[in-house]
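Undergrad: Below are the C-alpha cells for one structure; questions will follow.
Each value in this text was obtained by applying a stated rule to the coordinates, not by laboratory testing. Computed from a predicted structure; not experimentally measured. Quick reminder, even Gly has a Cβ in these numbers, built from the backbone with ideal geometry, and neighbours come from all protein chains shown.
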C-alpha cells in the first residue's frame, strides 16, 4: 500500500470512526482516539499505521480514498474540521 511506512508495533488503541478500501481490498481505518489511520489486510489483520509525515493528525473522523488519483482524504473532528489530502508519495 502506497500510504504505509514501517511503524512501531501493534496499535495501542482502537476507536474506529470510518473505513475505506484500497484496490487490493485492504482496509484503512480512521482511529479517532489514537490519532492515526491504520491499515488492515483483507482478513482484517493489522498491518501498520499509516504514517503521514508532518501532518500532525488529530482525531481522524472520515476517510476517502480516490482510486483514480491515488489521493487519501482525511477529515479531522477537531481543529474546526480540517481536511488533509495526501498523494501516493505521502506528500500533503
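Undergrad: What's the ranking of 55-66, 14-25, 70-81 by average number of surrounding C-beta atoms within 10 Å, highest first? Provide the component values of the computation, followed by the final result.
TA: Working: 55-66: 16.5, 14-25: 13.3, 70-81: 15.0.
Output ranking for 55-66, 14-25, 70-81: 55-66, 70-81, 14-25.
Undergrad: How many percent of all Cα-Cα pairs in the stretch 16-82 sit more than 15 Å apart? Can you show the working numbers first?
TA: Numbers: 1077 of 2211 pairs.
Of all Cα-Cα pairs in the stretch 16-82, 49 percent lie more than 15 Å apart.
Undergrad: Take every Cα pair under 8 Å in the stretch 16-82 that's 6+ residues apart, average their separations, divide by the length, and report that relative contact order as a whole percent. Let's see the in-between values first.
TA: Working: 138 pairs, mean separation 17.6, N = 67.
Computed value for the stretch 16-82: 26 percent relative contact order.
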